[in-house]
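S.K.: Got a structure for you, questions after.
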Amino acid sequence: MPLPSPFHQRTSELCTSLLWKEWAGYYAVCSYGMSHEPEYHAVRQSAGMLDVSPLYKFDVIGPDATEFLAFVSARNVGKLKLGQVGYGCWCDEHGKVLDDGTVTRWGEQAYRVTSADPSYAWFSRHSRGFDVQVKDVSSDVAALALQGPRARQILEDVCDGGDVGDLRFFYGTHSKIAGVRVDVTRTGYTGDLGYELWMPAQEALKVWDAVMEAGKPHAMLPLGLDALDVCRVEAGFILLGVDYFSARRCMTDVQKSTPYELGLGWTVHTKRGPFLGRDALRREKSTGSVWALVGLVVDWDELEGLYNSFGLPPQLSSHAWRTAVPVYDQGSQVGQATSGGWSPILKKNLALASVHAAHAVPGKRLQIEVTVEFQRRKVSATVTETPFFNPDRKRA
Amino acid sequence: MAQTWDAIIVGGGHNGLVCAAYLAKAGRKVLVLERRHVLGGAAVSEEVHPGFTFSVCSYVVSLLRPWIIRDLQLSRFGLELIPLECSFLPLPDGRSLARWDDAERTRREIAGFSQRDSEVYPEFGQAMAQMARVVKPLIDAPAPKPGSLHPRDLAELLKLGKHIGGVSAEHRLLLSKMMTMSAADFLDEWFESDVLKAPMSVSGIIGTFQGVRSPGTAYVLLHHYMGEIDGAFRSWGFSKGGTGQISNAIAAAARHYGAEIRTEAAIDHVMVSGGRATGVVLEDGTELRAKTVVSSVDPNRTFLKMVGKQHLPDDFVTQIGRYKLRGSSGKVNLAVDRLPSFSSRPGLGGHLRGDIAICPSVEYLERAYDQAKYGEFSSRPYLNVVVPSVVDPSVAPPGQHVISCFVQYAPYNLKTGPESWPEHREAFGDAVVDTLAEYVPDLKESILHRQVLTPWDLEQEFGLTEGNIFHGELSLEQLAFQRPAPGWAHYKTPLNALWMCGSGTHPGGGIMGACGALAARAMLTGRHV
C-alpha cells in the first residue's frame, strides 16, 4: 500500500475527487476536482502547485563528487557552475539509458540528484574508488513544483531571501519560506515558467500553507498528475516506464534505448574522459542511431473524417494517454507512439513516438493507429520537432 | 510612383486580421487600416482603469475555429484560451443552479429543482450534439447557393443534401422545429423548470432585437453545443489577457506573414473608378491604392457610408437598407476591489469560473423585452456576467477583480432617439449595478471604476452600426445565403474589386474568424487577389 507524502494532510483535504494513484510508493493526486482541466489551465495561465515528493533524491558529497557524477552521467556534470542544474541521463556500459533526472551543484563538492527510479544501489556500486558519499534523502526531503506564468511572482511574494526573482533557467538558490529553509530551483516538468522547492519533510506543511496563501491572489490551484501529464506531452518530455524503459528492467536489447534515440543527444558529452557508456555512445554518434524519438501531430481533418464515416463526432479524451499504438509508413510499421493527447492550448492532437531513425524527418507524414467503434484504423500524423509548446516565458 | 497593395483591409477587427493573415500567408501584399488606436474592433482589451484590463466589448470566445488557430499558429503568437467551467444562475430567493461539465454534479444540482429535468438534461445535450453535427458543415464552408446551376455549386448543394439526407427522420423533425420555433417554446417541450429554460433560452436572443418567445430563436441554441464537436472542445472560454489578446495574436500572425497593419488610420471612403474599387481615402485625405479592397466593417457602413449608393445597383442598395441591425445590448464593465460574493453561494468557488446569468425566469426575460419593444432599456435586464480575473490573474491586480456584464435589452432606438443615449447612460449603468447588487450584496461598495457602453457608444466608438454586436442580427432570414443580401453571400460585392470579410457575412458574428478566413479563401481560389 502506498504511503502518505509529507503533504498528504493538505492534499487529502483538497482532493475532493478522491482520484489518487501510486507514484514511487506514495499516494499522488490525479486531479483535485473531477476534471483535471482547471488545473491544466492554471499551469498555463496562472500557476499550479504539485507535490513532487515521491521523486527519488540523493545527496552526492565529497572531494570526488564532481568526478564521480561526471563518470556516471552521460552529461559532463563537471561543467556545472555553482548553483546550476543539469538535466541528463545515466547509462549502462553499453550506452543504454537507465534513468533520467537532474543534478544540481549546490556546493563545490556537493550535489543533489533526482531520479525517477530508485538508484542508490547503482550509485553506490559505481562510487567505489571515488572519495564520495551517496545518501538517499528521498524521504527526508519534501518537494513541490510551482509551475506557470505566475510562479515567479508568487515566489517573490513568499520567499525570504535568495533573489528568487532573478533566478535563471536551470539554476538554484537558497531561500526561506515561512521560516523554513527551502532550496529553490528553476526547473520543472511542464515546459512552462516554473520552479521546484526542496525542503525538510517535517516542515513541509508550513511551506505548503504559505505558498498556497501567496498563490491565492494569483488564481493558483493545487495541481495533480493528470494535468501534469498533458503539460509534459506538450513540452515533449519523455517519461520513464512509458516512453522508454530502464535498461536495468529490459528483457531484450530491443527494449532498451540510448540517449540519442530518446532525443537526449544534446545532454551527452562524448569528448571527455571515461564515463559509463562512452565508447558505445561515441560509436553510435559516428554510425547513427537505430531509433529516434519524434513528435507527431495527428491530422485533425482526417481524424474528423474518420469519425464522421462512423456517423460520430470526434471523440477524444481530455486526458493524456500512455498505451502505445503502432506507427506506420505506407502500410509497414516503423515504430510506436508511446504517449500523447489533445493539446487544449494548441488545438492539436499530439503524440510522442519512437520511429526508425530514417523516418525522423520533420514534415514527413506517417500514420498512427486509431480505434473507432472497436475498429482499428490509420490516420495521418506529421513528424514534428518537440517541444510542441515552448513559451518564451519558460526561459525569460 | 505611389505604393499599391494587393489588398487593403478596411478595419482591424478579428475578421479583418484573419483575412489579412491568410492573404499575407498566400504571399499577397496586404495593408490593414484600423480607425482606433488599438486593434481588435469589438474583440479588444483595454486598460480602462489603472491595473485593470477590460474585454471592453466581446468578452468570451465562442466558436473561434480550431483550424484557424492551427493554420495561423495562433498559440505561438500568444493566444491562450481558458474554457468556462460552469454556468451559474443565482436566484433572488437565495437558491441557485450551477451547471458543470461534471454530469453527475449537474444532475444533482438540477434535481434540486426538478428531478425530471435533471434526467432529461443529458438527453437534450445528446440531441443538440447530433443537431450541431448536422449544422456544422454550414459554418465551416461558404454558404450554399440555392438556385445556382453552376456544376460546382450543384455539387456542393448535393453534398449538403446528402449530409442532411443522412440525418434520421427524428432528427430532421427536431431540426425543423429549431428553425421555426422560439427558444422558450422549444425548451418547453423538454423541460419544466424555469431555472433551465430561462438561462438556456437566452442564448437564442443574444444580440437580436427579439424575445425568447419570438419564433426562429431556437436555432441559436445549437451554437452552444457546436463547440463540443468541432475539435476545439469546450471552446466557450476566456482569452488570457482579454479578448483583445485574440486580435493581437492574429495581428502578430498577420505581421509574421508580411501584412502591414496601421492603427489610427480612419477611412473616409472607398475610391471607385471605372466601376471598380481602387483603394481608399483616409480622413486626412491620404489616398491608398490597392488591387482589391476588403471591408471587415458592417454591410451598412461599408456600402452606404464608405462606398456610396451611386456606385451600387439600386436593388442591392434596397436590400442593404433592409438589413436589420437594431442593436439591443450594452455592456457594463466594473473594476472592483474584492471578489464578488454571491449571497446564494458566498466566496470563491468554481461557480465564478464560468459565466453567470441573471435571468431568474422566462417571464423576467419577456418583461425585459417588453420595455425594449417600446423604446426603453430594461430596468431589470438580462445580464451575462463573467469575472475573468478569477481564472486569468493578468487582467487585474492581485486580489482585485474585473466584472464584465453583457446587458440586454438596451435598444439602440430609444423612444427619445438613439442620440439621447448619452443622457441615459448613467441611469442605464445604475440599472445594471442595481440588478447585480440584488445578488451580490456588497457590490456597490466594491466598485473602483465603472465603464458603461450603450448601443450608441458601440456605434460611435467601435463603428458598429446601430450598436449591433454581430454586424446584423443573427436571425434566420439574415443567415447563410441571405447574409448580408440574397445573391451576395459569398464575400463578393456588386462593385468590382470590393469584397467583404466581416461578421455581416456568412457564417456571422461572434469571435469565430470564419468570415475572414472563408473570404480570404474565396478571393484566393478565384484568383481575385
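The values are calculated or read from the model by the stated rules, or taken from the named source; none is laboratory data. Just so it is clear, the model here is predicted, and its values are computed rather than measured. Methodologically, a virtual Cβ is constructed for each residue, glycine included, from the backbone with ideal geometry; neighbour enumeration extends over all protein chains shown.
S.K.: Please give the number of the condition A:Cys30 fails out of (1) at pLDDT below 95; (2) over 24 Å from A:Phe169 (Cα atoms); (3) touching an Asp or Glu at 6+ places or on another chain (Cβ under 6 Å).
M.R.: Only one criterion in (1) at pLDDT below 95; (2) over 24 Å from A:Phe169 (Cα atoms); (3) touching an Asp or Glu at 6+ places or on another chain (Cβ under 6 Å) is unmet by A:Cys30, namely (1).
Residues checked against (1) farther than 19 Å from B:Tyr491 by Cβ; (2) in the same structural domain as B:Val10 (by TED's automatic domain parsing); (3) touching a strand residue (DSSP E or B) at 6+ places or on another chain (Cβ under 6 Å):
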position	(1), (2), (3)
B:Val280	no, yes, yes
B:Gly285	yes, yes, no
B:Ala290	no, yes, yes
B:Ser296	no, yes, yes
B:Arg301	no, yes, no
B:Gln310	yes, yes, no
B:Asp314	yes, yes, no
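S.K.: Residue check: is B:Leu365 assigned by TED's automatic domain parsing to the domain that holds B:Phe406, among the aliphatic types (A, V, I, L, M) and closer than 20 Å to A:Pro217 by Cα? Explain how you work it out, then say what you get.
M.R.: Details: assigned by TED's automatic domain parsing to the domain that holds B:Phe406: yes; among the aliphatic types (A, V, I, L, M): yes; closer than 20 Å to A:Pro217 by Cα: no.
Considered against the rule, which asks whether it is assigned by TED's automatic domain parsing to the domain that holds B:Phe406, among the aliphatic types (A, V, I, L, M) and closer than 20 Å to A:Pro217 by Cα, B:Leu365 comes out as no.
S.K.: Could you say whether any residue in the range A:69-87 is among the polar types (S, T, N, Q), assigned to a loop (DSSP other than H, G, I, E, B) and farther than 30 Å from B:Gly349 by Cβ?
M.R.: yes
S.K.: Still on this structure, please answer the following. Given the options B:Pro313, B:Pro299, name the one that is touching a Gly at 6+ places or on another chain (Cβ under 6 Å) and at pLDDT 95 or above.
M.R.: B:Pro299
S.K.: Then there's this: Out of B:Trp421, B:Trp488, which single residue is of a type in the set (Phe, Trp, Tyr) and crowded, with 23+ Cβ neighbours inside 10 Å?
M.R.: Just a single option satisfies the conditions, and that option is B:Trp421.
S.K.: Run A:Thr185 past the list (1) polar (S, T, N, Q); (2) touching a Phe, Trp or Tyr at 6+ places or on another chain (Cβ under 8 Å); (3) within 14 Å of chain B (Cβ to nearest Cβ) and report the number of the one that doesn't hold.
M.R.: So the condition that A:Thr185 fails would be (3).
S.K.: So, of the residues in the range A:322-360 that are part of a strand (DSSP E or B) and within 14 Å of chain B (Cβ to nearest Cβ), which turns out to be nearest to A:Tyr260 (Cα to Cα)?
M.R.: Once the filter is applied, the top-ranked residue is A:Leu350.
S.K.: Just for the range A:302-316: of the residues that are assigned to a helix (DSSP H, G or I) and within 25 Å of A:Gln333 (Cα to Cα), which one is nearest to the other protein chains (Cβ to nearest Cβ)?
M.R.: Going through the range A:302-316, the residues assigned to a helix (DSSP H, G or I) turn out to be A:302-309.
Add one more test, that the residue is within 25 Å of A:Gln333 (Cα to Cα), and what stays is A:302-307, A:309.
On the way: A:Glu302: 12, A:Leu303: 8, A:Glu304: 6, A:Gly305: 12, A:Leu306: 13, A:Tyr307: 9, A:Ser309: 11 Å.
Among them, the one singled out is A:Glu304.
S.K.: For the range B:248-264, does any single residue satisfy the condition of being away from chain A (no Cβ under 14 Å), modelled with pLDDT of 95 or more, buried (at least 19 other Cβ atoms within 10 Å of the Cβ) and part of a strand (DSSP E or B)?
M.R.: Yes, the range B:248-264 contains at least one residue that is away from chain A (no Cβ under 14 Å), modelled with pLDDT of 95 or more, buried (at least 19 other Cβ atoms within 10 Å of the Cβ) and part of a strand (DSSP E or B).
S.K.: Give the residue that is farthest from B:Leu414 (Cα to Cα), with candidates limited to residues of the range B:329-354 that are modelled with pLDDT under 95 and either touching a Cys at 6+ places or on another chain (Cβ under 7 Å) or surrounded by 22 or more Cβ atoms within 10 Å (Cβ to Cβ) (or both).
M.R.: Step by step, filter the range B:329-354, then rank; the result is B:Gly350.
S.K.: Would you kindly identify the strands (runs of 3 or more DSSP E) lying entirely within the range B:67-163 that contain at least 1 residues that are polar (S, T, N, Q) and crowded, with 19+ Cβ neighbours inside 10 Å?
M.R.: Details: elements: B:81-83, B:86-90, B:96-100.
Output list reads B:86-90, B:96-100.
S.K.: Okay, next question. Being touching a Phe, Trp or Tyr at 6+ places or on another chain (Cβ under 9 Å), part of a loop (DSSP other than H, G, I, E, B) and hydroxyl-bearing (Ser, Thr, Tyr) is the filter here, so list the residues in the range B:326-355 that pass it.
M.R.: Within the range B:326-355, B:Ser328, B:Ser343, B:Ser344 meet the criteria.
S.K.: Would you point out which residue out of B:Ser201, B:Ser193 is polar (S, T, N, Q), farther than 21 Å from B:Leu479 by Cβ and in the same structural domain as B:Lys136 (by TED's automatic domain parsing)?
M.R.: Of the residues listed, the single one that is polar (S, T, N, Q), farther than 21 Å from B:Leu479 by Cβ and in the same structural domain as B:Lys136 (by TED's automatic domain parsing) is B:Ser193.
Listed here are the residues, each with its yes/no results for (1) over 29 Å from B:Ser214 (Cα atoms); (2) not charged (D, E, K, R).
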site: B:Leu339; (1), (2): yes, yes
site: B:Cys359; (1), (2): no, yes
site: B:Asp370; (1), (2): no, no
site: B:Leu383; (1), (2): no, yes
site: B:Val386; (1), (2): no, yes
site: B:Val395; (1), (2): yes, yes
site: B:Ala410; (1), (2): no, yes
site: B:Gly429; (1), (2): no, yes
site: B:Glu438; (1), (2): no, no
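S.K.: Within the range A:234-269, track down each residue that is among the hydroxyl-bearing types (Ser, Thr, Tyr) and buried (at least 19 other Cβ atoms within 10 Å of the Cβ).
M.R.: Selection gives A:Tyr244, A:Ser246, A:Ser257, A:Thr258, A:Tyr260.
S.K.: In this structure, does A:Leu18 turn out to be closer than 20 Å to A:Ser318 by Cα and either surrounded by fewer than 21 Cβ atoms within 10 Å (Cβ to Cβ) or not assigned by TED's automatic domain parsing to the domain that holds A:Ala201 (or both)?
M.R.: Working: closer than 20 Å to A:Ser318 by Cα: yes; either surrounded by fewer than 21 Cβ atoms within 10 Å (Cβ to Cβ) or not assigned by TED's automatic domain parsing to the domain that holds A:Ala201 (or both): yes.
Yes, satisfied.
S.K.: Given the options B:Ala437, B:Ala480, name the one that is at positive phi, of a type outside the set (D, E, K, R) and either out of contact with any helix residue (DSSP H, G or I) (no Cβ under 6 Å at 6 or more places or on another chain) or surrounded by fewer than 19 Cβ atoms within 10 Å (Cβ to Cβ) (or both).
M.R.: Step by step, each of B:Ala437, B:Ala480 is checked, and only B:Ala480 is at positive phi, of a type outside the set (D, E, K, R) and either out of contact with any helix residue (DSSP H, G or I) (no Cβ under 6 Å at 6 or more places or on another chain) or surrounded by fewer than 19 Cβ atoms within 10 Å (Cβ to Cβ) (or both).
S.K.: Kindly list the number of the only condition in (1) farther than 24 Å from B:Asp102 by Cβ; (2) acidic (Asp, Glu); (3) part of a helix (DSSP H, G or I) that fails for A:Glu22.
M.R.: (3)
S.K.: Does the range B:56-64 include one or more residues that are more than 14 Å from every other protein chain (Cβ to nearest Cβ), assigned to a strand (DSSP E or B), over 14 Å from B:Leu17 (Cβ atoms) and hydrophobic (A, V, I, L, M, F, W, C)? Before the answer, list the steps.
M.R.: Quick first cut of the range B:56-64, residues more than 14 Å from every other protein chain (Cβ to nearest Cβ) only: B:56-60, B:62.
Of the ones still in play, those that are also assigned to a strand (DSSP E or B) are none.
No, the range B:56-64 contains no residue that is more than 14 Å from every other protein chain (Cβ to nearest Cβ), assigned to a strand (DSSP E or B), over 14 Å from B:Leu17 (Cβ atoms) and hydrophobic (A, V, I, L, M, F, W, C).
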